[in-house]
Amino acid sequence: MGNKKKKEKHKDKNSENNYKNFHKEKKFSGKNYNAKKENQKTQKMELKEERELKYLRQVLAEYEFTFQEILQLLEWSQKKRKMYKQLLNAWEESGDIYLKRNGRYTLPEKEGFVKGEISISSGNFGFLDINGEASVFIPGAYLNTAMNGDTVLVRILKQSSDGTKKREGEVYKVIKRNRDVIVGVFENNLSFGFVRPRNSPKDIYIPKKLIRGAKTGDLVAVKVDFWGDEERKPEGAIVSILGSPKDTEALISSLLLNEGIEEKFPNEVLRELDKIDEDISDELKNRKDLRHLDIITIDGSDAKDLDDAVYVEKTEDGYKLFVSIADVSYYVRENTELDTEALKRGNSIYLVDRVIPMLPRKLSNNLCSLNPNEDKLTFTVEMDLDKRGKVIKNDFYKSVIKSKYRMTYENVNTILEKNEESEEYRNLYDKYRKIDEMLKNMLELSKIIRNNKKRRGSIDFELPEIKVVLDENKAVKDIVLRSRGEAERIIEDFMVIANETVAEKLFWEEIPAIYRVHEDPDKAKVQALNETLIKFGYSLKGLEEIHPGKFQNIIERTTGLPEGYLIHKLILRAMQRARYANKNLGHFGLASKYYLHFTSPIRRYSDLIVHRMLGRSIEKFMSEKEKAKYGANFEAIASSISRTERVADKLEEDSVKIKLIEYMQDKIGQVYIARLSGMNKNKIFMELENHIEVVYNVTTARDNFIYDEENFKIVDKRNNESYTMGSTMKVSIVSASYAKMEIEVIPYVEEKVKIDETEEE
């Protein structure tokens, strides 16, 4: 209420200021008008160039042209030859067109080139992933000056003829640098120094005067000024000394720095944040009031950004389901500093020891979070489902809720298990007696929805996932497997059906949106997978028609079997990676025709976009002009947030690895029982009793064991004993390396004491 009074107090003053500003704007109107006109002119030129490039690429798909012929084709003026030559050079530099030695322009892909973002591993080799195509392997010797995350043009050198479409290439040129600040370990060499980045085969040369106090072994950040060529290494200057490469906090911070991710929000964002009016009382009258419902949130016990709440009631015809999602779009308006920063981040990042939120915590943990017993602004999808779980009626509207309980997965699972002998159950039942019936109805509806998904062929992987629990000093306290009980499945099922319902509405109304797409797997990959499955006694029937249900059938048949874990992983690897797109391409894994993300706008920018578009679609009719306006940038946005998601996933994975390596540092030489979980020609992957993944490097380890690639097993040459997927064996820890980001083991061999025969006599 204080903010409301403040607004009223300054009303007259604001009116006076508006009058002054009017005359001020009038005074400089000529200047403002010209600037605006110039900006519009620039935008028109850019659009014209985009259209010309698109048309040129279409023509070059069939023909090749000289510069003079392109001038005539695009009706460019001869008087501006120099300008248009520069434009063609820019298009060539960006990898959109290619100039041959004979002076003719064509498409790079016709000459054996592909463009994309390169991922470089710590093993000093890289991959170029291209949507809908097999990835391209880049050996370390062919990376040239490319760094992890760079956009590059790659020349294809080899392509397999065995139907697997395996490709190998070399970096022809770097089109766009991902960043100019690189993290690595510094080494001093008297008159100069150099930095060894983890994800690059090339050292960075540091002149003596630019070392700036760094010592050998320091983890440093270096700004690269020269990226190197065939004769010279990359060169740069040290800008920050981060600490020891064995300090896990410094290592995790370096992961963020290496990706150009800032933990702190820019000052202009914080200033804008301070201006947000927290008083929502005036807004409530514009919304449907759901505060009378016993609506609840169900999340992990450590969650602070609660963005979804649910309510279920049983009806004569079936069920009524309310899914209410935090209305972030009310606070984060288009083209504001908050919006720009949210798009840049793309998503929240959940590291092992910290969270890098997409939105400032004032929003993510406070204003937007659906905390209990607080009035909160939401966007609700209300669905009437029949007894078979089919949505027969739906409604979409802005709402206000007051969550009655902040439930955790653990508590809901305990209540649903209904172990009346358990004191914990009895205490929880007494506390949440009011919603006990609703929780039963939720479980009932969830199982119906789940069975529907199963019938249509939705794939449900049951791959164990590690959760690392830290103590107050950020040291590893415990390592547990994330549970997936009925409570987790309830929320998953409700969110999926809400996402599908919103996606279907926007699709059929032709409203621009960002969809969550999962394309059909590559046929060559499926063929290769099937050949492997046959070795285990399974097969995919009818490969000419790839349906998700065929994969789910194999998953169900192998769940709980020794080889199950490997098979599930192999199936997962055969899949395309889910991504964001501005067109609805369906979701293969869910066997869903329409799918997008609507339910987590606090931590995903895609959901915020969907909220805005859904909001406009229910407020008023959208003209074709409006649709074109809002949809114009969605392709670029979808590409950007797909990239930030991949980065986030890698950072989360690496942060966990760092803590596990720290945990295993003092366990070198110890013996564990390990279960074989994966194999390739270089490494055997195993899982220890404490669920930590370790590797046995076949190529560098002792000769007692050999890898039988054909039959997916390792053989002890001394006794011919073999180990295959799911087998257990004793292993000894030999290293826990931050540099390699792996924990290495070797098979443990008990040394038999040899008794001297002469002494025995």
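The values are calculated or read from the model by the stated rules, or taken from the named source; none is laboratory data. Source: prediction; values computed, not measured. Positions of Cβ are generated from backbone atoms using ideal geometry, with glycine treated the same way; all protein chains shown enter the neighbour counts.
Tabulated data for the structure shown
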| item | result |
| --- | --- |
| Selected residue (criterion: surrounded by the most Cβ atoms within 10 Å (Cβ to Cβ)) from residues of segment 689-699 that are in a strand (DSSP E or B) and under 27 Å from the mean Cα position of the chain (by Cα) | Val694 |
| Leading residue by the ranking (nearest to Asp460 (Cα to Cα)) among those in segment 533-566 that are exposed (fewer than 15 other Cβ atoms within 10 Å of the Cβ) and in contact with a Phe, Trp or Tyr (Cβ under 8 Å, 6 or more places away or on another chain) | Arg557 |
| Residue among Gly542, Gly564 that is in contact with a helix residue (DSSP H, G or I) (Cβ under 7 Å, 6 or more places away or on another chain) and not assigned by TED's automatic domain parsing to the domain that holds Phe494 | Gly564 |
| Of all residues making up segment 505-527, the number that are crowded, with 18+ Cβ neighbours inside 10 Å, more than 30 Å from Asn394 (Cα to Cα) and among the hydrophobic types (A, V, I, L, M, F, W, C) | 1 |
| Within segment 251-303, tally of residues that are free of Cβ contacts under 8 Å to residues at least 12 places away in the same chain and assigned to a loop (DSSP other than H, G, I, E, B) | 7 |
| Condition broken by Tyr98, with the remaining ones in (1) surrounded by 17 or more Cβ atoms within 10 Å (Cβ to Cβ); (2) aromatic (Phe, Trp, Tyr); (3) out of contact with any Asp or Glu (no Cβ under 6 Å at 6 or more places or on another chain) satisfied | (3) |
| Residue that is at negative phi, of a type outside the set (Phe, Trp, Tyr) and touching a Cys at 6+ places or on another chain (Cβ under 7 Å), where the choices are Ile673, Ile661, Ile618, Ile602 | Ile602 |
| Flag for Asp471 being without any contact (Cβ under 8 Å) to a residue 60 or more places away in the chain, charged (D, E, K, R) and surrounded by fewer than 12 Cβ atoms within 10 Å (Cβ to Cβ) | yes |
| Criterion (in the same structural domain as Leu614 (by TED's automatic domain parsing), among the basic types (Lys, Arg), within 30 Å of Glu283 (Cα to Cα) and touching a helix residue (DSSP H, G or I) at 6+ places or on another chain (Cβ under 8 Å)) met by exactly one of Lys418, Lys398 | Lys398 |
| Which listed residue is outside any loop (DSSP other than H, G, I, E, B) and over 24 Å from Phe322 (Cβ atoms), from Lys477, Lys453 | Lys477 |
| Residue satisfying condition, being surrounded by fewer than 13 Cβ atoms within 10 Å (Cβ to Cβ) and within 28 Å of Lys387 (Cα to Cα), within set Arg455, Arg450, Arg482 | Arg455 |
| Any hit, segment 72-86, residues being aliphatic (A, V, I, L, M) and in a helix (DSSP H, G or I) | yes |
| Subset of segment 711-731 that is free of Cβ contacts under 8 Å to residues at least 24 places away in the same chain and not charged (D, E, K, R) - its residue that is nearest to Phe536 (Cα to Cα) | Ser722 |
| Within segment 220-236, tally of residues that are part of a strand (DSSP E or B) and surrounded by 16 or more Cβ atoms within 10 Å (Cβ to Cβ) | 6 |
| So Leu570, is it outside the structural domain of Lys505 (by TED's automatic domain parsing) and either within 14 Å of Phe634 (Cβ to Cβ) or surrounded by fewer than 23 Cβ atoms within 10 Å (Cβ to Cβ) (or both) | yes |
| Pairs, first outside any loop (DSSP other than H, G, I, E, B) in segment 109-132, second among the hydroxyl-bearing types (Ser, Thr, Tyr) and modelled with pLDDT under 75, C-beta under 9 Å, six or more apart | Ile120/Ser200; Phe127/Ser121 |
| Whichever residue in segment 422-447 is within 24 Å of Gly549 (Cβ to Cβ) and of a type outside the set (S, T, N, Q) and, among such residues, is surrounded by the fewest Cβ atoms within 10 Å (Cβ to Cβ) | Lys447 |
| Residue that is surrounded by 22 or more Cβ atoms within 10 Å (Cβ to Cβ), touching a Phe, Trp or Tyr at 6+ places or on another chain (Cβ under 8 Å) and under 22 Å from Asn411 (Cβ atoms), where the choices are Val323, Val381 | Val323 |
| Among residues of segment 567-613, those that are assigned to a helix (DSSP H, G or I), among the charged types (D, E, K, R) and under 24 Å from Glu462 (Cα atoms), counted | 2 |
| Residue, surrounded by the fewest Cβ atoms within 10 Å (Cβ to Cβ), within segment 589-622, restricted to residues that are among the aromatic types (Phe, Trp, Tyr) and at pLDDT 95 or above | Tyr594 |
| Some residue of segment 203-219 being in contact with a Cys (Cβ under 8 Å, 6 or more places away or on another chain) and surrounded by 16 or more Cβ atoms within 10 Å (Cβ to Cβ) | no |
| Hits in segment 175-200 - residues which are closer than 30 Å to Glu93 by Cβ, in contact (Cβ under 8 Å) with a residue 60 or more places away in the chain and of a type in the set (Val, Ile, Thr) | Ile175, Val181, Ile182, Val183 |
| Close pairs from segment 670-681: first in a loop (DSSP other than H, G, I, E, B) and exposed (fewer than 13 other Cβ atoms within 10 Å of the Cβ), partner among the aromatic types (Phe, Trp, Tyr) and modelled with pLDDT under 85, Cβ under 9 Å, at least 6 apart | Asn680/Tyr707; Lys681/Tyr707 |
| Members of segment 485-504 found to be farther than 27 Å from Ile546 by Cα, of a type in the set (Gly, Ala, Ser) and crowded, with 18+ Cβ neighbours inside 10 Å, listed by number | Ala487 |
| Inter-residue pairs, beta-carbon under 8 Å, first more than 30 Å from Pro139 (Cα to Cα) and in segment 201-217, second assigned to a loop (DSSP other than H, G, I, E, B), 6+ apart | Lys208/Ser191 |
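Every residue, every condition in (1) modelled with pLDDT of 85 or more; (2) within 30 Å of Tyr63 (Cβ to Cβ); (3) within 19 Å of the chain's Cα centre (by Cα); (4) crowded, with 18+ Cβ neighbours inside 10 Å, yes or no:
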| residue | (1), (2), (3), (4) |
| --- | --- |
| Glu109 | yes, yes, no, no |
| Ile118 | yes, no, yes, yes |
| Asn131 | no, yes, yes, no |
| Met147 | no, no, no, yes |
| Ser160 | no, no, no, no |
| Gly163 | no, no, no, no |
| Val183 | yes, no, no, yes |
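Listed here are the residues, each with its yes/no results for (1) touching a helix residue (DSSP H, G or I) at 6+ places or on another chain (Cβ under 7 Å); (2) closer than 30 Å to Tyr630 by Cβ; (3) touching a residue at least 12 places away in the same chain (Cβ under 8 Å).
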{"position": "Glu423", "(1), (2), (3)": "no, no, no"}
{"position": "Leu443", "(1), (2), (3)": "yes, no, yes"}
{"position": "Ile511", "(1), (2), (3)": "yes, yes, yes"}
{"position": "Ile514", "(1), (2), (3)": "yes, yes, yes"}
{"position": "Glu519", "(1), (2), (3)": "no, yes, yes"}
